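Read the structure below first, then the notes.
What follows draws every value from the coordinates through simple rules; no lab data is involved. Quick caveat, the model's predicted, so the values are computed rather than measured. Cβ atoms come from the backbone with ideal geometry, glycine included; neighbour counts cover every protein chain shown.
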Amino acid sequence: MTSDEKFRLALVDSLLTMALPLTDIAEQLAKLGWDYEGIGVRLTPDHFSNVLARHLRGEMSEVDVETWANLIEGRDDVEFDQSFEALVRDVLHELANPSLTHPLDPARARHLVDILKSTS
């Protein structure tokens, strides 16, 4: 694995875990191409639960959650756990597209957290 690939995967992991400010991650991701052929970072129900919990605590706005999901959606360097692929794809789509699916309000966030935690 090259140092560029390691950097990319570390950055994608930072996105999934929200280890860095979202604006910093977005700026760095914008410098990378979308196409990637290699092993990606696995997106799990826990990533969603953590982001939704942060939202419920007031640490992330609805727009932040939508931006986070949009930065993930369609990335070739993000993999889905086959055990939860349908759920993860559905939640990702919902969070990235609230105007087409469900607006994110506290009740919806708690409902999604309950669904995601049932996979643990």
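Observations
- Helices (runs of 4 or more DSSP H) lying entirely in the stretch 51-120 (those with 1 or more residues that are free of Cβ contacts under 8 Å to residues at least 60 places away in the same chain, touching a Ser or Thr at 6+ places or on another chain (Cβ under 8 Å) and surrounded by 12 or more Cβ atoms within 10 Å (Cβ to Cβ)): 85-96
- Any hit, the stretch 81-91, residues being of a type in the set (D, E) and farther than 24 Å from L9 by Cα: no
- Unmet requirement for V12, which otherwise passes all of (1) touching a Gly at 6+ places or on another chain (Cβ under 8 Å); (2) without any contact (Cβ under 8 Å) to a residue 60 or more places away in the chain: (2)
- Some residue of the stretch 25-40 being surrounded by 13 or more Cβ atoms within 10 Å (Cβ to Cβ), in a helix (DSSP H, G or I) and not hydrophobic (A, V, I, L, M, F, W, C): yes
- Selection from the stretch 41-50 of residues that are in a helix (DSSP H, G or I) and out of contact with any helix residue (DSSP H, G or I) (no Cβ under 8 Å at 6 or more places or on another chain): none
- Candidate set: the stretch 1-24, residues that are part of a helix (DSSP H, G or I) and of a type in the set (S, T, Y); chosen: the one surrounded by the fewest Cβ atoms within 10 Å (Cβ to Cβ): S3
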